[in-house]
Amino acid sequence: MGFTMKRQYIKFPRKALAVLLASACTGMMMTGCGEETAEEETAEEETVSEAIPVEVQNPEAGTLTLKNEFVGTVSPEEFVYVIPMVSAEVLSADVAVGDTVVAGQELCKLDSEAAQLQLASAQAQYESVEANVDAAQVGYEIAQAQYESAIAQIDIQNEQTQRQKDLQLYQMQIQIDSINNGIDDINEQMADLSEDKKDAQEQKDDLKKAKNKANAYAEQAEAAYGQAQAAYSATIDSYEYYDKQAAYQRAVAEVTRLESPGVEESYPPDKDYATDLQKAKDDLKAAGEALKAVEEEIEYYKKSLDDARVAMSSAQSAVSQTESAYEQVKAGIESIEDGQEQLNSTLSDTYKSLEQTEAIKNMTEASLNIDTTPVQDANKKTAALGVDSAAATVNSAKVGAQGAKVAIDSAEYQLDMYTLTAPIDGVIEAVNVKEHDFASPSGPAFVISNKNTMTVTFNVSEGIRNTLRVGQKIQVDRNGKLYDAAITEIGTMIDQTTGLFAVKSCVSTPDASLLTGSSVKVIADTYSQGDALLIPYDAVYYDDSQPYVYVTESGIAKRRDVETGIFDAETITILSGLRADEVLITSWSANLRDGAEISVQDSGNKETEAE
């Protein structure tokens, strides 16, 4: 996370500061000896006006990451206390502090004589109860066999009686099923007739609508025919067809006359034959065109008249066909209704027959059902009582056996408590018992830690917490020895005592120098700034709170006000005000200012022209 530095002083590099102090001392010595001569002042002015030697470099684009150090505490990832569950004398303690143990390994033995006696007593009681269970089970099997024999006899008698009843009832049921099938057939036929009647009614309705439409269409066609006939007659009259036809015949006769042989030679001298012939031809052409136009118009109305006549004939034919189909559907509906009446009558008779047959069946079934159930139930109940009594005896014996088995399990569990074992793999950190001492549940006998993976816990502020992430690689420094680690947990609650957040990290390859509870130094990357220009820290100056740098332009120093970001002892980031292609002045001079003449020093300390 970037931030802007504000400093209220002018910063000088260490080398430049030494030169400045030397210059100050020299000036004081010269002042003490007296005023400068005119020649010395002139020489000093010439010296000041000389180009200032500077060192330069180009800014580098990159990322600056800051590292922070924290104090951490080492602890094992897994840490357990082994506490005795009973109070007893310690017979043997087999491990010491620093020993490595595995899960399940024996740590010490306690005096278990009382527990062993209790286990032996429980086992003897269990064996006695098991014998009672076996005897009860034999009695139960005998009672079960007797019960099954009684039930079998009852079942044989019931089966014989039931067969006779089933035969008679089966025969009567066949009759009833046959009648029901007949009823189903009649109902299906009635449903089919109802569906047919519904379809016929829909056809009747559709034909009625079609008939009405056909009648309307026929009336429209007749009206259209009358209109077309009137239009045809009116066209002949309105266009004076016969007059135009007569005029055309006269024009034809006149042209024929003028073109006849000998007419031209006998033509009157006071008239122009060619002119009159041309005029007659023009009149013939005009009369022909007028007659043709009228004939085309008359032909149009004549065609309309023919189309209307065909439409009228078609409409009249459709009316006749629709009326015929309508009458046929109407007759079909009447026939369906007659069939429905007949089926209803047949169905009524069939239901009467079904009622009679079912009544006969019920009477027959009642006469066959001689109630032997109470006697049979009493016999079954007597046989079942013997079985239930034997089963109760077995269950009672099994309950006793289960209680005895629980007593054995409890005694074995108690006996196991007299041997302490390691619950995890690890190293013995503390041993609080020894042979012939008295162990009790009041305190841990052993402390075991698993040091295959060690945890380092350190505390950070909220700002730094927000720069860290789970899985981030860090380093742990223990007396100069570095260990690679990774952040495993970042706290989400502030410690009310310190005001910091706890962060946990995991060291996957610890060694003996990482002791439990020891303090270490944690080194982690925190703030980072990318997409910035990186320049030397000493190249930045400050005017009040405004940071600035010097760049070279054609041998002249130019000031650039900049915005700075994060920094360390050597490098500072520039966020704005400076370009990567500019040449940055990195050395300090007391005479360096905006507009000063400079000379760039190469790597061999020779002056070069600044470009």
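The values are calculated or read from the model by the stated rules, or taken from the named source; none is laboratory data. Quick caveat: nothing in here was measured; it's all calculated off a predicted structure. Cβ coordinates were reconstructed from backbone atoms using ideal geometry, including for glycine residues, and neighbour counts include every protein chain displayed. Ligands, DNA and RNA are stripped out before the accessible areas are found, and what is left, the full protein with its side chains, is counted by its heavy atoms. Shrake-Rupley method; radii C 1.70, N 1.55, O 1.52, S 1.80 Å.
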Checklist outcome for this item: With criteria (1) under 30 Å from Asp484 (Cβ atoms); (2) open to solvent by 20 Å² or more (accessible area, probe 1.4 Å); (3) small (Gly, Ala, Ser), Ala532 comes up short on (2)
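Here's the yes/no breakdown for (1) touching a residue at least 60 places away in the same chain (Cβ under 8 Å); (2) closer than 26 Å to Asp199 by Cβ; (3) within 60 Å of the chain's Cα centre (by Cα):
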residue: Tyr267; (1), (2), (3): no, no, no
residue: Asp272; (1), (2), (3): no, no, no
residue: Glu299; (1), (2), (3): no, no, no
residue: Ser304; (1), (2), (3): yes, no, no
residue: Ala325; (1), (2), (3): yes, yes, no
residue: Val329; (1), (2), (3): yes, yes, no
residue: Glu355; (1), (2), (3): no, no, no
residue: Ala359; (1), (2), (3): no, no, no
residue: Glu365; (1), (2), (3): yes, no, no
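Each row is one residue, and each column tells you yes or no for (1) of a type in the set (Val, Ile, Thr); (2) surrounded by 14 or more Cβ atoms within 10 Å (Cβ to Cβ); (3) within 13 Å of Leu110 (Cβ to Cβ).
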position: Glu429; (1), (2), (3): no, yes, no
position: Val433; (1), (2), (3): yes, yes, yes
position: Phe438; (1), (2), (3): no, no, yes
position: Ser442; (1), (2), (3): no, no, no
position: Val456; (1), (2), (3): yes, yes, no
position: Val460; (1), (2), (3): yes, yes, no
Checklist outcome for this item: Among residues of region 572-592 being within 47 Å of the chain's Cα centre (by Cα) and among the polar types (S, T, N, Q), the residue nearest to Ala532 (Cα to Cα) is Thr573
Checklist entry - Which residue out of Ala216, Ala200, Ala191 is touching a residue at least 60 places away in the same chain (Cβ under 8 Å) and of a type in the set (Gly, Ala, Ser)? => result Ala200
Item to check | Elements of type strands (runs of 3 or more DSSP E) contained in region 494-611, each with 3 or more residues being out of contact with any Asp or Glu (no Cβ under 6 Å at 6 or more places or on another chain) | outcome: 501-507, 519-536, 541-543, 546-553, 556-561, 563-567, 571-576
Item to check | Among (1) out of contact with any Lys or Arg (no Cβ under 7 Å at 6 or more places or on another chain); (2) in contact (Cβ under 8 Å) with a residue 60 or more places away in the chain; (3) within 23 Å of Ser304 (Cβ to Cβ), the one test that Ala223 misses | outcome: (2)
Item to check | Residue in region 116-133 that is nearest to Lys398 (Cα to Cα), counting only those that are open to solvent by less than 80 Å² (accessible area, probe 1.4 Å) and among the hydrophobic types (A, V, I, L, M, F, W, C) | outcome: Val133
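Determine which member of the set Ala407, Ala430 is touching a residue at least 24 places away in the same chain (Cβ under 8 Å) and either more than 24 Å from Leu119 (Cβ to Cβ) or among the acidic types (Asp, Glu) (or both).
On the way: Ala407 fails: either more than 24 Å from Leu119 (Cβ to Cβ) or among the acidic types (Asp, Glu) (or both).
Answer to the selection: Ala430.
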Checklist outcome for this item: Restricted to region 93-110 and to residues being among the acidic types (Asp, Glu) and in a loop (DSSP other than H, G, I, E, B), the residue modelled with the highest pLDDT is Asp99
Item to check | Residue pairs meeting the criteria (Cβ under 6 Å; at least 6 apart or on separate chains; first more than 16 Å from Met85 (Cα to Cα), in region 100-116; second outside any loop (DSSP other than H, G, I, E, B)) | outcome: Thr100/Val427; Gly104/Thr421
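Collect the residues in region 542-567 that are within 26 Å of Ile464 (Cβ to Cβ) and loosely packed, with under 13 Cβ neighbours inside 10 Å, keeping them in residue-number order.
Hit for region 542-567 is Ser545, nothing else.
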Checklist entry - Of Glu254, Glu219, which residue is closer than 30 Å to Glu327 by Cα, open to solvent by 50 Å² or more (accessible area, probe 1.4 Å) and more than 60 Å from the chain's Cα centre (by Cα)? => result Glu219
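From the list Ala136, Ala145, exactly one residue is exposed (fewer than 12 other Cβ atoms within 10 Å of the Cβ), among the aliphatic types (A, V, I, L, M), more than 60 Å from the chain's Cα centre (by Cα) and not in a loop (DSSP other than H, G, I, E, B). Which is it? Reasoning before the result, please.
On the way: Ala136 fails: exposed (fewer than 12 other Cβ atoms within 10 Å of the Cβ).
None of the others qualify; the one that does is Ala145.
Let's see how each residue does on (1) modelled with pLDDT under 85; (2) in a helix (DSSP H, G or I); (3) closer than 30 Å to Leu347 by Cα:
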{"residue": "Gln220", "(1), (2), (3)": "no, yes, no"}
{"residue": "Ala223", "(1), (2), (3)": "no, yes, no"}
{"residue": "Thr235", "(1), (2), (3)": "yes, yes, no"}
{"residue": "Lys271", "(1), (2), (3)": "no, no, no"}
{"residue": "Asp276", "(1), (2), (3)": "no, yes, no"}
{"residue": "Glu296", "(1), (2), (3)": "no, yes, no"}
Checklist entry - Taking the stated definitions as given, is Glu113 modelled with pLDDT under 85, open to solvent by 50 Å² or more (accessible area, probe 1.4 Å) and not polar (S, T, N, Q)? => result yes
Checklist entry - Asp270: open to solvent by 80 Å² or more (accessible area, probe 1.4 Å) and out of contact with any Leu (no Cβ under 9 Å at 6 or more places or on another chain), yes or no? => result yes
Next on the checklist: I'd like the full set of residues that are β-branched (Val, Ile, Thr), at pLDDT below 90 and surrounded by fewer than 18 Cβ atoms within 10 Å (Cβ to Cβ), limited to region 51-92.
Outcome noted: Thr63, Thr65, Val80, Val86
Next on the checklist: For region 159-187, give me the residue count where each residue is over 20 Å from Lys352 (Cβ atoms) and either charged (D, E, K, R) or open to solvent by less than 50 Å² (accessible area, probe 1.4 Å) (or both).
Outcome noted: 5
